[in-house]
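Undergrad: If you scroll down you'll find the structure; I have some questions about it.
The values are calculated or read from the model by the stated rules, or taken from the named source; none is laboratory data. In this text the structure is predicted, and so the values were computed from the model without any measurement. Neighbour counts run over all protein chains shown; Cβ positions are idealised from the backbone, glycine included. All accessible areas refer to the heavy atoms of the entire protein, side chains included, with ligands and DNA or RNA removed. Shrake-Rupley method; radii C 1.70, N 1.55, O 1.52, S 1.80 Å.
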Amino acid sequence: MKRIRQTVKTENPVLQTPQRSKKLKTCFYGSAFDKSHLQTLMDWGTLPLHVVLHIFQFLPLVDRARASSVCRRWNEVFHIPDLWRKFEFELNQPATSYLKSTHPDLIQQIIKKHADHLQYVSFKVDSSTESAEAACDILSQLVNCSIKTLGLISTAKPSFMNVSKAHFASALTVVFVNSKSLSSIRIDDTPVDDPSLKVLVANNSDTLKLLKMSSCPHVSPAGILCVADQCHGLRELALNYYILSDELLLALSSEKHVNLEHLRIDVVSENPGQTEFHTIKKQSWDALVKHSPKVNIVMYFFLYEEEFDAFFREETPVTHLYFGRAVSKAMLGRIGMNCPRLIELVVCANGLQPLDDELICIAERCKNLTAMGLGECEVTCRGFIEFVKMCGGRLTELSIMEEVLIPDNDYNLDQIHSEVSKHLGRLWFPDMMPTW
């Protein structure tokens, strides 16, 4: 604009007008915001500490460290204790992960300066044994911490399962002994064992509320029973079916125990065709529901068809069911007859026999059902319409692949979406792929 102003003659009033108006505009803003005030608005270093702190909490450790070098004020925020109450260590090896790992020097700096501030800690590791061992080494150094939440997350197997049981137990014991206020622990797919759980109970029985430990092969029914017997404040529990027992359910139903809110059970076949699953008595399930009437009981099944014989022979108070492999028509029929509390059902595969009768039975007897997902199954259009009609608007989630639906004499695929939408009270279309 300066070059234009130099070449234009002052006699030309038309060309002078924009310059005059721009000058007036500049003067207007100049009157509202003086130069020093504009500089203040644009100075990131003057942001309130609580705002910078909130931003820093979303940054990975490396970015936090870099940001702390911007100015003295940001460096002060980097050392505020509140910033280090919650932290996730990322440990990855270049050969097994494309993700960057937290730098060892920064980890040592955190442990040295902020160990006594850490309260909510998680370790995210890749599949390598080296990363899992590095996580155990860090755990062993958290002597002066009062951790409330601990999470060990494997982004891929085997990770922690390749660490020696002695090394893992030793590292975990350091945290269990020194924290004394643990309320939430997520240690799925780890070599935790019964002695480690006893140490946990001895030091944190009054505060523990959540324990997730699916796929922990070194834990026995006696080990998890010890937790239920002593940790009366436990509200959420996730475990494998092989350590679920009548005694455990009765312990969770004792008068001393608070109401359980969430129980997740993973039913996995370790040796396909060779595993015999035990049966939980109806009286034990009834005791749990009587004590905790609002408990969500979630079961994930990864079995083969011939391995389902022990399940749902009697009434079972399960609320959420997920079948990751093929499940027989007979099994789905038993679910309709014996799962009156069912809220959500997902079937990834069934076979080539239509499930009309089974779905209608489920709709008729499972009055709380609000979510359904069907993958590689078959249902006639008429049977599906009847199922939806019986459930009505209470079906808030309905995910059915288009290939599941078999046209019949009453409905074809072009008609079914409008008919289902009418009964649901909202627009609905079949899915092109599973959404669960």
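Undergrad: Specify which of the listed residues (Thr370, Thr396, Thr380) is closer than 20 Å to Asp431 by Cβ, out of contact with any Asp or Glu (no Cβ under 9 Å at 6 or more places or on another chain) and open to solvent by 10 Å² or more (accessible area, probe 1.4 Å).
TA: Thr396
Undergrad: Out of all the residues in region 315-370, which are within 17 Å of Glu397 (Cα to Cα) and among the polar types (S, T, N, Q)?
TA: Thr319, Asn368, Thr370
Undergrad: With the structure loaded, tell me whether Ala326 is surrounded by fewer than 21 Cβ atoms within 10 Å (Cβ to Cβ), under 25 Å from Ser214 (Cα atoms), assigned by the TED database to the domain that holds Trp428 and modelled with pLDDT under 95 or whether it fails that test.
TA: Yes; evaluated as a whole, the condition is true for this residue.
Undergrad: Applying the selection to region 309-342, what residues are in a loop (DSSP other than H, G, I, E, B), under 18 Å from Cys377 (Cα atoms) and more than 26 Å from the chain's Cα centre (by Cα)?
TA: Hit for region 309-342 is Ser328, nothing else.
Undergrad: So, one more: From the list Ser170, Ser154, Ser181, Ser122, which one is out of contact with any helix residue (DSSP H, G or I) (no Cβ under 9 Å at 6 or more places or on another chain) and either open to solvent by 30 Å² or more (accessible area, probe 1.4 Å) or on the phi < 0 side of the Ramachandran plot (or both)?
TA: Ser122
Results for (1) among the small types (Gly, Ala, Ser); (2) in a loop (DSSP other than H, G, I, E, B); (3) not assigned by the TED database to the domain that holds Asp116, shown as yes or no for each residue.
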site	(1), (2), (3)
Ala166	yes, no, no
Ser181	yes, yes, no
Thr190	no, yes, no
Val199	no, no, no
Val219	no, yes, no
Asp229	no, no, no
Leu234	no, yes, no
Tyr242	no, no, no
Leu249	no, no, no
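Undergrad: Tell me whether region 87-104 contains one or more residues that are closer than 26 Å to Thr207 by Cβ, open to solvent by less than 10 Å² (accessible area, probe 1.4 Å), at pLDDT 80 or above and out of contact with any Leu (no Cβ under 6 Å at 6 or more places or on another chain).
TA: yes
Undergrad: Kindly evaluate Ser214 against the criterion of being touching a residue at least 40 places away in the same chain (Cβ under 8 Å) and not charged (D, E, K, R).
TA: So Ser214 fits the description; yes.
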